[in-house]
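Encoded as structure tokens, the structure appears first; notes follow it.
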Amino acid sequence: MNEKEATLIENLRALPRGAWVLFIGTFLNKFGTFVLPFLAIYMKRLGYTTAQAGLPIGAYGIGILGASLLGGYLADRLGRRKTIVLSMFSAAVAMLCLSAARSLPAIIFFSGLAGLTCELYRPASSALLADLVPAGQRVTAFAAYRMSLNAGFAFGPAIAGLLAKKSFLWLFAGDAATSVLYGIVAWCALPSGLRGTRMRNSLSDTFRVLREDKRFQQAACSALAVGLVFVQVFSTMSVQIARHGFSAATYGSVISLNGVLIVLFELPLTVLTKRFQPRRTMALGFALIGIGFASNLVANTIPLLVLAVALFTLGEMVAMPISAAYVADLAPEDSRGLYMGTYGLVWALAFVCGPSLGLFLFSISPAAVWCCCGALGALAAGIILAEPKPVTAPQASAPKTVGVSAK
């Protein structure tokens, strides 16, 4: 079936059962992502400064960085399903340890451990989805995967905001419980997926891919630029909303709008976006993300905050399903974990640097943060629009460019 010609319903019906199990488990896990959006506020409640509040978020990002490297390797060597199960059960333990930490060094350490364990499953999930979904259906598949992520994110923070009014301990307990639940679903119902046939996915392989595959290099650089913008939703945006006198529940409700809009509109929007050249579509989305965050310059009321969220969410819906399918199509079968893990590594780097840099700059000048966000969105669009140099393939077999054009 040609994805570009089929209707949305036909594309969804063509997805295999394993993909739907992956979507359901992902929803359960993301619904329980209670702690991360409120980590900066939690740190402030413990009496730490704004600059100190960014350190555990940065540590979480360092954990994600490690998860991208290790998760991609395990996905190709240990297997997709086993990697997901390992991630979920270890994440529950890490989150409970974080809840008991009180000193700044302990909070930083367990935040990093939580980032490593909570995100270890992401390369395996993306690789498994690429294993399960045949050529020509990946834009819809990754849009549906993102819908499951954001359906959980749409409801989770709003409920977490209400729980935080009672006690932040409930956030940690709920986060751990949903991780265990996804681990059980993964072990019982997910297919194992493919495994690589070579000892690949080492750190040297990661650097080789970034150095030699020019198309992937371009996608990674643009993702890094826009990633530095997007991670502000977990750090400076929460502080910005609190600065205007709004409660944690208000912040949770406002950012939940991001998930609601994605759940309602991203899949139907892919019917339109997948018809266009992917790099141009990604550039448009990156620019809209920058504009949305830059609009926080004037977003001092709830309607204006809603408008800001709507703008960067539109950019996210336009760019992200296409970019995920674009990277998956660049990867050969035996290195999907490597490619998806390396792409996740770029986002992890943004998570490591973005929150701390954003909060530090915010402590000096809030306006400067949002101006930089607009500039980085424009930079990401420019990078992905540039004509890539001829490809020198780093792999033994040429990548299959299916689903979306890799031009």
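Matching residues to (1) part of a loop (DSSP other than H, G, I, E, B); (2) under 19 Å from Ala160 (Cα atoms); (3) open to solvent by 30 Å² or more (accessible area, probe 1.4 Å):
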position	(1), (2), (3)
Ile9	no, no, yes
Val21	no, no, no
Phe27	no, yes, yes
Phe34	yes, yes, no
Lys44	no, yes, yes
Tyr48	yes, no, yes
Gln52	no, no, yes
Gly58	no, no, no
Gly61	no, no, no
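On the stretch given as segment 132-178, residues that are of a type outside the set (Gly, Ala, Ser) and not in a helix (DSSP H, G or I) total 4. Which residues, counting only those in segment 274-290, are touching a Leu at 6+ places or on another chain (Cβ under 8 Å) and open to solvent by 20 Å² or more (accessible area, probe 1.4 Å)? Arg280, Leu288, listed by residue number. Taken together, the criteria place Ala324 among residues that are within 24 Å of Ala130 (Cβ to Cβ) and not β-branched (Val, Ile, Thr).
Among the residues examined, Ser111 does not qualify as surrounded by fewer than 22 Cβ atoms within 10 Å (Cβ to Cβ) and of a type in the set (Ser, Thr, Tyr).
For the criterion of being in contact with a Phe, Trp or Tyr (Cβ under 6 Å, 6 or more places away or on another chain) and in contact (Cβ under 8 Å) with a residue 60 or more places away in the chain, Gly227 passes. Restricting Leu272, Leu288, Leu267, Leu261 to residues that are free of Cβ contacts under 8 Å to residues at least 12 places away in the same chain and closer than 21 Å to Ala325 by Cα narrows the list to Leu272.
Highlighted here are the helices (runs of 4 or more DSSP H) found entirely within segment 210-276 that include at least 3 residues which are of a type in the set (A, V, I, L, M, F, W, C) and at pLDDT below 85: 248-273.
Residue by residue, here is whether (1) surrounded by fewer than 24 Cβ atoms within 10 Å (Cβ to Cβ); (2) closer than 24 Å to Gly71 by Cβ; (3) at pLDDT below 90 holds:
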| position | (1), (2), (3) |
| --- | --- |
| Ser103 | yes, no, no |
| Ala130 | no, yes, yes |
| Gly152 | yes, yes, yes |
| Leu163 | yes, no, yes |
| Ser167 | yes, no, yes |
| Trp170 | yes, no, yes |
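Applying the set (1) of a type in the set (Ser, Thr, Tyr); (2) out of contact with any Ser or Thr (no Cβ under 9 Å at 6 or more places or on another chain); (3) at pLDDT 85 or above to Thr7 leaves exactly one unmet item: (3).
Considering (1) surrounded by 22 or more Cβ atoms within 10 Å (Cβ to Cβ); (2) without any contact (Cβ under 8 Å) to a residue 60 or more places away in the chain; (3) closer than 23 Å to Ser238 by Cβ, the lone condition that Leu120 does not fulfil carries the number (3). Figure legend. Inter-residue proximity from segment 305-320: first residues free of Cβ contacts under 8 Å to residues at least 24 places away in the same chain, second residues assigned to a helix (DSSP H, G or I), beta-carbon distance below 7 Å, spacing 6+ or different chains. Indicated pairs: Leu307/Ser295; Ala308/Gly292; Ala308/Ser295; Ala308/Asn296; Leu311/Leu288; Leu311/Ile291; Leu311/Gly292; Leu311/Ser295.
The values are calculated or read from the model by the stated rules, or taken from the named source; none is laboratory data. If you're wondering where the values come from, they're calculated on a predicted model, not measured in any experiment. Note that each Cβ is placed from the backbone with ideal geometry, even for glycine, and that neighbours are counted across all protein chains shown. Note: accessible area is taken over every heavy atom of the protein model, side chains too, but ligands, DNA and RNA are not part of it. Shrake-Rupley method; radii C 1.70, N 1.55, O 1.52, S 1.80 Å.
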